[in-house]
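Structure, as structure tokens:
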Amino acid sequence: MTDKRKPEWAPEGSGTEFASRVVVGKQSPASSISQHVTVHQVKHVDITSLVEGVKSCNRTMLSKAITLIESNSDKHFEKGQELLKQLLPYSGSSIRIGITGVPGAGKSTFIECFGLWLIEQGYRVAVLAIDPSSSISKGSILGDKTRMELLSRHADSFIRPSPNAGVLGGVARKTRESILLCEAAGYNVILIETVGVGQSETTVRSMVDFFLLMQIAGAGDELQGIKKGIIELADLIVVNKADGDNIQRAELAKQEYNNALHYLRHATEAWVTKAVTCSSVNGTGIKEIWEIIQNFKISTSKSGIFTQRRTTQNTEWFNTLINESVLHSFYQQSRIKESLPILQKKISIGELPVAMAVAELLNQKT
Ligand SMILES: Nc1nc2c(ncn2[C@@H]2O[C@H](COP(=O)(O)OP(=O)(O)OP(=O)(O)O)[C@@H](O)[C@H]2O)c(=O)[nH]1
Ligand SMILES: [Mg+2]
């Protein structure tokens, strides 16, 4: 079912280092990792046993709990929120790391290598994904089972595909809540992979402590393909695939990024973003990347920026949800539903000024 293909921008004659994958349709997960990708049904929900199950780090229960909060049904919403409320006191003690980069940069391969290394050091690793395209491909992280095979089999890991909620906002809410559940289950490193296609980077940045931008050398002018705005979101740039005869090009790219970073705004106050190289196939640079993340946590915790960012993120999420709910209930009102098309017609034929139409609509509401 997996179709290997190269991204459009891959240089002519390049090898598999640029390969990316498209997963067609829905697949039943391979038996060896089925516990990680099976989306459990939540027909009869018993909150108490779910809470206990998550707290005792039962992965099946964690998976069920995530399915419950991902559910779009009103009936599940209340139960999901109750579950979250009870687990909230057990959440928070992790480092949340966002990983972005163009398709084929090696994010999943990196997560496999980095995750396994972290587990060796005694950490427990959860991997979540935000994939804006997953509503089309029906959960493309399923294709990542080949990239994260060893990690997904490990008892100290938990891998969850992107929720198929369609719109990014919905996916984001569910991912935020999944982070909390994973933390309550004792995962202390949370990795969130997102494909670098624009909007999703900003969304992931708004829910993580540390943001890692994965790049590769040799895709033309290093700084051309990537927007300045995305670099300014990053706490670290990792030039991946620094192995074989690609080492020199990767080093060069690293230097170019480091030069450019002098002129750009850094994502986190009092933290200097820099570029490093790594190889996700032979593990070079992995340990150094973790050391950088550790230093980040130590220095931002000391200065209070770590906690401050989480508080700000929570407040912004709160505000976003309020705005969404208010808008939703506004448009749900039958009087609004009725008069909207009439007013729309009036403004389109020039019968009514736009601002007056808005005023009329709002007056109707009160
Ligand atoms: N030589 C080399 N190849 C790598 C490295 N990391 C990844 N690759 C290869 O690059 C290709 C893409 O890797 P993935 O990990 O699937 O990339 P990705 O960024 O997760 O891609 P999407 O999920 O499609 O966005 C695969 O063929 C990997 O084997 C590396 O460090 N060195
Ligand atoms: Mg991937």
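Cβ contacts < 8 Å: first residue on the phi > 0 side of the Ramachandran plot, restricted to the stretch 103-131; second residue of a type in the set (A, V, I, L, M) and outside any strand (DSSP E or B), any location; separation 6+ or different chain. Result?
Pairs that qualify, where the first residue is on the phi > 0 side of the Ramachandran plot and the partner is of a type in the set (A, V, I, L, M) and outside any strand (DSSP E or B), are GLY104/ALA10; GLY104/ALA19.
For the stretch 255-277, check the following and say yes or no: at least one residue is touching a Gly at 6+ places or on another chain (Cβ under 7 Å), within 20 Å of GLN121 (Cβ to Cβ), in contact (Cβ under 8 Å) with a residue 40 or more places away in the chain and part of a loop (DSSP other than H, G, I, E, B).
Step one: filter the stretch 255-277 for residues touching a Gly at 6+ places or on another chain (Cβ under 7 Å), giving 276-277.
If we keep only those that are within 20 Å of GLN121 (Cβ to Cβ) too, we end up with 276.
Those still in the list that are in contact (Cβ under 8 Å) with a residue 40 or more places away in the chain too: 276.
In the following step, the residues that additionally are part of a loop (DSSP other than H, G, I, E, B) were identified as none.
Checking the stretch 255-277: not a single residue is touching a Gly at 6+ places or on another chain (Cβ under 7 Å), within 20 Å of GLN121 (Cβ to Cβ), in contact (Cβ under 8 Å) with a residue 40 or more places away in the chain and part of a loop (DSSP other than H, G, I, E, B).
For the stretch 74-104, enumerate the residues that are at pLDDT 90 or above, closer than 17 Å to LEU233 by Cβ and in contact with a Gly (Cβ under 9 Å, 6 or more places away or on another chain).
THR100
Quick check on this structure: which one of ASN314, ASN282 is free of Cβ contacts under 8 Å to residues at least 60 places away in the same chain and more than 24 Å from ASP209 (Cβ to Cβ)? Before you say what the answer is, go through the steps one by one.
Values: ASN314 fails: more than 24 Å from ASP209 (Cβ to Cβ).
Going through ASN314, ASN282 in turn, just one is free of Cβ contacts under 8 Å to residues at least 60 places away in the same chain and more than 24 Å from ASP209 (Cβ to Cβ): ASN282.
Mind checking which helices (runs of 4 or more DSSP H) fall wholly inside the stretch 300-366 and carry at least 2 residues that are farther than 30 Å from ARG176 by Cβ? Before the answer, list the steps.
Details: elements: 305-332, 334-348, 354-365.
Helices (runs of 4 or more DSSP H) meeting the threshold: 334-348, 354-365.
Can you go through GLY143, GLY225 and tell me which one is modelled with pLDDT under 90 and in a loop (DSSP other than H, G, I, E, B)?
Working: GLY143 fails: in a loop (DSSP other than H, G, I, E, B).
Checking each option against the conditions leaves just GLY225.
What are the residues in the stretch 96-131 that are more than 17 Å from SER200 (Cβ to Cβ), more than 7 Å from ligand 1 (Cβ to nearest atom) and assigned to a loop (DSSP other than H, G, I, E, B), if any?
GLN121, GLY122, TYR123, ARG124, listed by residue number.
Any residue that is modelled with pLDDT under 90, within 14 Å of ligand 1 (Cβ to nearest atom), within 25 Å of ARG309 (Cα to Cα) and buried (at least 22 other Cβ atoms within 10 Å of the Cβ) - is there at least one of those in the stretch 234-247?
Initially, the stretch 234-247 is screened for residues modelled with pLDDT under 90, giving none.
Within the stretch 234-247 (the criterion being modelled with pLDDT under 90, within 14 Å of ligand 1 (Cβ to nearest atom), within 25 Å of ARG309 (Cα to Cα) and buried (at least 22 other Cβ atoms within 10 Å of the Cβ)), the answer is no, since none of the residues qualifies.
Against the definition (within 19 Å of ALA234 (Cβ to Cβ), more than 20 Å from the chain's Cα centre (by Cα) and among the acidic types (Asp, Glu)), how does GLU324 come out, yes or no? Can you show your working first?
On the way: within 19 Å of ALA234 (Cβ to Cβ): no; more than 20 Å from the chain's Cα centre (by Cα): yes; among the acidic types (Asp, Glu): yes.
So GLU324 fails the test.
The values are calculated or read from the model by the stated rules, or taken from the named source; none is laboratory data. Treat the numbers as computed from the prediction; the structure is a model and nothing was measured. All Cβ positions, glycine included, derive from the backbone under ideal geometry; neighbour counts span all protein chains shown.
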